[in-house]
Amino acid sequence: MKKSKSAKECPRCGDGPCSATALRSYDPQFRVTPAYRDTLPDMMGEAGTIQGADVPIQQVGVSNFRLPLRFATKGGAPRELGASITGTVSLGSGVKGINMSRIVRTFYGFADKVFSPDLLPRILDAYRKELGSPDARLQVRFEYPIRQKALRSGLAGWQYYQCAYEGRVDATGRVRRLIHFDFVYSSACPCSDVLSEHARNGRGIYGIPHSQRSKARVLVEVAEGRKLALEDLQKLCLAALSTETQVMVKREDEQAFAELNGAYSKFVEDAARLVYAQLAADKRIADFQVAFAHLESLHSHDAVAVIAKGVSGGFRGDYFDFAALVC
């Protein structure tokens, strides 16, 4: 006689409920106990077949988890800003995977701290211990406001800078503290300037030299034992390039800006060497790489350059994502 099946048995295997018979419902009253948690499967902790080549992975983790953080300011109270976080660790061969939620949870353990490059080594050390990895990387991206005074009128406004703090630690325990900083400026073309003057002086023809919005994407490594504020980096870029774009202007400010561009016309090669001179002379900076783009108003293409300090084993001065320099 055929055995009748219980309503709780799977109609196919007769071995208890399965997806064919389990209720599709959510119980808001259900509470997880320690004993129940111990029964939950852990795919990362279980042995299993590794798909594909069993080789190391240099970086694996999570990107763009967001939260508000308090950032240190130069000589003032911390400022709360929205931040986007990327955290990664290395994964050795023979290891199936990592528990990625631990990266987020570990970072949240520092979410109430005041952020500066000095905090990065502590977070990286926690990543390595929590995930058992020899290498770890962390990047905190945010927009940082600095108050900018107009050139002549006395007006003031907030200039926002695309920034990131980045930390890297390798298997030897070497920690690198990096700062990414975008500086937007105007570049008046020296060639156009001279040709316009030639037309005026030689033929009495009025011409306007062309200039364009330009960007320097700065990457610096902070020297061991030194501190470097974002305000300091902005001042170094301003000292080098002079013609930062303005926030608040009246007519006298616009005239002053035209005079600035006339006094500090520059090709993209000039911009690279001017910034190099400022960064290379600063003892707080161990290494640097800067990518430049002058978004040409004459041409349908852009003028670009990359320069690095030239430290042995440091940044090499290669940059391929020039499309990211649109401003």
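Summary table below
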| read-out | value |
| --- | --- |
| Residue ID - farthest from E143 (Cα to Cα), chosen from residues in the range 46-98 that are touching a helix residue (DSSP H, G or I) at 6+ places or on another chain (Cβ under 7 Å) and not in a strand (DSSP E or B) | I98 |
| Residue satisfying all of: in the range 286-327; part of a loop (DSSP other than H, G, I, E, B) and among the charged types (D, E, K, R); modelled with the lowest pLDDT among these | D321 |
| Extreme residue, surrounded by the most Cβ atoms within 10 Å (Cβ to Cβ), among residues of the range 14-37 that are modelled with pLDDT under 65 and hydrophobic (A, V, I, L, M, F, W, C) | C18 |
| Test result for I103, modelled with pLDDT under 95, in contact with a helix residue (DSSP H, G or I) (Cβ under 9 Å, 6 or more places away or on another chain) and either surrounded by 17 or more Cβ atoms within 10 Å (Cβ to Cβ) or over 20 Å from H180 (Cβ atoms) (or both) | yes |
| Search result, residues across the range 172-213 that are in a strand (DSSP E or B) and farther than 23 Å from A258 by Cβ | V175, R176, R177, L178, I179, H180, F181, D182 |
| Hits in the range 135-155 - residues which are outside any strand (DSSP E or B) and surrounded by 14 or more Cβ atoms within 10 Å (Cβ to Cβ) | D135, A150, L151, R152, S153, L155 |
| Failed item, numbered, when V184 is tested on (1) surrounded by fewer than 18 Cβ atoms within 10 Å (Cβ to Cβ); (2) within 27 Å of E296 (Cβ to Cβ); (3) under 19 Å from the mean Cα position of the chain (by Cα) | (1) |
| Verdict on K283 being assigned to a loop (DSSP other than H, G, I, E, B), modelled with pLDDT of 95 or more, out of contact with any Asp or Glu (no Cβ under 7 Å at 6 or more places or on another chain) and closer than 19 Å to D193 by Cβ | no |
| Any chance A229 is buried (at least 21 other Cβ atoms within 10 Å of the Cβ) and within 22 Å of the chain's Cα centre (by Cα) | no |
| Leading residue by the ranking (modelled with the lowest pLDDT) among those in the range 38-86 that are surrounded by 13 or more Cβ atoms within 10 Å (Cβ to Cβ), farther than 25 Å from L228 by Cα and under 15 Å from the mean Cα position of the chain (by Cα) | V62 |
| Flag for K283 being out of contact with any helix residue (DSSP H, G or I) (no Cβ under 8 Å at 6 or more places or on another chain) and under 30 Å from G76 (Cα atoms) | yes |
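The values are calculated or read from the model by the stated rules, or taken from the named source; none is laboratory data. In this text, all values refer to a predicted model and were calculated from it rather than measured experimentally. Cβ sites come from the backbone with ideal geometry, for glycine too, and all protein chains shown count toward neighbours.
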